[in-house]
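What follows is one structure encoded as structure tokens, with my remarks underneath.
The values are calculated or read from the model by the stated rules, or taken from the named source; none is laboratory data. Not measured: the values here are computed from a predicted model. Methodologically, a virtual Cβ is constructed for each residue, glycine included, from the backbone with ideal geometry; neighbour enumeration extends over all protein chains shown. Calculation scope for accessible area: heavy atoms of the full protein, side chains included, ligands and nucleic acids excluded. Shrake-Rupley method; radii C 1.70, N 1.55, O 1.52, S 1.80 Å.
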Amino acid sequence: MDVLLKKTSYLPPLILRPYIDRFWTGEGTAATYSLPTLAAGTGAEMIFQLKAPMTIVSQDNSLHTPPMQAIYCIRNQCYKAMINKDHFFIAVRFKAGAIRHFCPIPVADVTECFPDINMLYGDEGKRLTERLYGSISISQQLELIGDFLLGLLNKYHRPHTLIDEAVRQLYYNREIPDLISFSAGLGSSYRQFERFFINNVGITPKSFQQRARLNNTLKHLLSHQIRDYLPVAFDFGYYDQSHFIRACRRFFGDKPGAILSPASQNQHFYLSSFNASGSTDKK
């Protein structure tokens, strides 16, 4: 099957790796639109469109065209991205809960609204986008973006032990059924914990837990090309098949069988485990 969306990953500068999973590029390869899913998740993307603007389709089939350079902090629904040979972008993939260290306003205020980087960061953002269009190589563009992000980190870094530990545990620990006891173990009342979490991550702890579980399950299934999904879903904490199907439909927009089918292998923005700078991702 022809690949309609070519995805290539690059290591970010060492100092940014605690917060950023990778830089990556997406490039349409045919006149036909690919429709990869932008799933509701826990991280964020900073996307710089360097050719045509990208239109995205929400679950109610309404069309949205975010700014050419924008933050995609998707929490509440999934979207389909309309990408063909007229599209090329550079993206920064932020780890779960990490966008707050690069954002001048609460994360709750950038969730689902695709803020324009030129507006959000003013002259700094405008200078970056102008220089990106004037650069002649991907290495130059990645260096410019890395320098820009380092400046943001120095300005907006928000260390918060409670939030950092909560994100880590809620993302990786599958055995946290009681969030009230969990917040007490972190030294906080649940009400205070929930308020801090929403401001810094953009959703409630329970919602974060639901999205993290689905993302981790689907990434495992897709990266290992597993079609018999139910044993894996049980292992990741889903209590029956309908529970997993509901989560897939809500946050990814389709049934698990369709998501995992060979015909859909290029229809998502999940990326394979990082192995080398400039490696082309198969997933």
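Any chance region 269-280 includes a residue that's in contact with a Ser or Thr (Cβ under 8 Å, 6 or more places away or on another chain), modelled with pLDDT of 85 or more, open to solvent by 40 Å² or more (accessible area, probe 1.4 Å) and of a type outside the set (V, I, T)?
No, region 269-280 contains no residue that is in contact with a Ser or Thr (Cβ under 8 Å, 6 or more places away or on another chain), modelled with pLDDT of 85 or more, open to solvent by 40 Å² or more (accessible area, probe 1.4 Å) and of a type outside the set (V, I, T).
Filter the helices (runs of 4 or more DSSP H) completely within region 119-214 down to those with at least 2 residues that are more than 24 Å from K51 (Cβ to Cβ). Spell out how you get there, then give the answer.
Numbers: elements: 123-134, 138-156, 161-172, 179-185, 190-201.
Of the helices (runs of 4 or more DSSP H) lying wholly inside region 119-214, those with at least 2 residues that are more than 24 Å from K51 (Cβ to Cβ) span 138-156, 161-172, 179-185, 190-201.
Restricting to region 239-258, give me the number of residues that are in a loop (DSSP other than H, G, I, E, B) and within 21 Å of the chain's Cα centre (by Cα).
Of the residues in region 239-258, 3 are in a loop (DSSP other than H, G, I, E, B) and within 21 Å of the chain's Cα centre (by Cα).
Quick check on this structure: which one of I138, I180 is touching a residue at least 60 places away in the same chain (Cβ under 8 Å) and either more than 18 Å from G237 (Cα to Cα) or in contact with a strand residue (DSSP E or B) (Cβ under 7 Å, 6 or more places away or on another chain) (or both)?
Step by step, each of I138, I180 is checked, and only I138 is touching a residue at least 60 places away in the same chain (Cβ under 8 Å) and either more than 18 Å from G237 (Cα to Cα) or in contact with a strand residue (DSSP E or B) (Cβ under 7 Å, 6 or more places away or on another chain) (or both).
Looking at P13, P67 in this structure, which one is in contact with a helix residue (DSSP H, G or I) (Cβ under 6 Å, 6 or more places away or on another chain) and either surrounded by 15 or more Cβ atoms within 10 Å (Cβ to Cβ) or charged (D, E, K, R) (or both)?
None of the others qualify; the one that does is P13.
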